[in-house]
Amino acid sequence: MQLFSKSNKSVLHTLFKIYTLLWTHSCGQNKIPDVHVTCIYSEDCILPCTFPPSTEEVVFQWYKQGTLIYSLLENGDESVNNISVFTDEVSHGNASLHLQFSSVKSRGRYKCVVNTTKAILESHVIVKIEAPIHGIAIGVSPTEHLHCSSTGVYPAPLLIWSTEPRSASTSLQAVTRMRADSNDLYSIDSTLKKMCTNSNLTYICSITSKYSSQSWKASLLQTEMSLNNGQNLVIPCMAPKNLKNFTLTWTFLSMNTQTDILTYYSQTQRIKNHWDDQAELDLNKALMGDGSLYLNNLGSKPSRTYACTFTGSQVKHIVQTLVKANASKAVLQTGNSGSKLWVLAIIVAALVLLCVSFYIYRKCQVGKSKDSWQDHQDDTEMQAMHRVNSVEELQAECKPHAEHNKDDSLAREKGKSNIM
């Protein structure tokens, strides 16, 4: 009986094909307009095929790209893996095909052929497969390059960079790369060099699916502000316009790591605070999109970066704020006139060097004058001593001669007296 059943089934299958071919060429054929169906990757999908309900027996077949993939005959059905029909619905005119765990290979042109005693109905279904965008990431590297990416997308999406204000968007030059994995799903990554002309630009990355069914946006703004030691601080952060049911997350960035500060959920108005003693939000303002962070008791801490992230439906907005101490700010401001300070420093150094040189020169001149004056004194004293010695020597030499003359005078006077 089993052999007879299989043989009978095979004969019926062959007869059905012949009958369908003859009916197609000899009789009229009702053709339904093409139906376009987009199936979501890895999810079940229904390919419609309907016909007027009939109390008589109905046989139908499904083809993909001309290849038979499902056949329902009188005594049973034949199908490939992951394909089925709702057999209980056939009597009600429903011959729709059920694709389970649709993949990229599921896309293509399908044909449904229904054979009744009254007519042959043929319909076509064009199947597209889409792996939707599930997330978008944006960030900035230490080299001042912006990065925007998304993974697991099909077909290949479109990525566009823009700025706010939009006037600067014309000079943006990005490098975008696309690659497919083993499941034919695409990953997209784009790199953009930051513009140095304007530090208040908001960079916007938009990723849109090929079928235009989705469009995700991620934006990034970097700002700076100063802080006095021990001062309480308010870091502003505003949500994009018309953003509903968002999540606000504040983080502290340090050495390429993120530390959570607090998270706020607008839908439930709940807050999860990791810095109870130092950080808080104004909940009334937060509900309206003002996510400013209030920080207390910061003390004397070095410059640091805080990040505010608004996440909503297909939207992500990040504001990174670099908080600097006043000393850093002073250095930053004086750095703008660095050339003037260098000139002033050089002039001061030159004046100091000139004064030192002049002082050394004067000191040397005074020393030389003292030595010259001392030498002159010594010479004068030596000359005086030589002069005195000469007089004494002359007196010593002249004294015997005078005495000799005196004796001669006395002798002459004595001789005169004797004569008399």
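What follows draws every value from the coordinates through simple rules; no lab data is involved. Keep in mind that this is a model prediction, so the values were computed, not measured. Here the Cβ is made from the backbone with ideal geometry for all residues, glycine too, and neighbour counts use every protein chain on show.
At-a-glance table
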| quantity | calculated |
| --- | --- |
| Cut-off under 5 Å, modelled amide H: who pairs with Thr223 long-range | Gln320, Thr321, Leu322 |
| Per-residue Cβ neighbour rank within 10 angstrom, fewest leading, Tyr294, Tyr186, Tyr203 | Tyr294, Tyr186, Tyr203 |
| Packing-based order for 248-254, 212-218, 141-147, using average beta carbon neighbours within 10 Å, highest first | 248-254, 212-218, 141-147 |
| Cα gyration tensor, segment 177-317 - rounded (a/c under 1.5), prolate or oblate | prolate |
| Under the Karplus curve 6.51 cos²θ - 1.76 cosθ + 1.60, θ = phi - 60°, whole-Hz ³J(HN,Hα) for segment 84-93, x wherever Gly or Pro sits | 7, 10, 8, 4, 5, 9, 4, 5, 9, x |
| Cα-based shape type of segment 179-250, given that a ≥ b ≥ c are square roots of the gyration tensor eigenvalues and the cut on a/c is 1.5 | prolate |
| J(HN,Hα) series, segment 138-144, from Karplus relation 6.51 cos²θ - 1.76 cosθ + 1.60, nearest Hz, glycine and proline x | 9, x, 10, 8, x, 8, 6 |
| Cβ-based exposure ranking for Ser42, Ser357, in which fewest neighbours within 10 Å come first | Ser357, Ser42 |
| Overall form of segment 132-213 per C-alpha gyration tensor (a/c, 1.5; a/b vs b/c) | prolate |
| Estimated vicinal HN-Hα couplings, Hz - segment 50-57 in sequence order (Karplus 6.51, -1.76, 1.60; Gly, Pro = x) | 10, 7, x, x, 9, 7, 7, 5 |
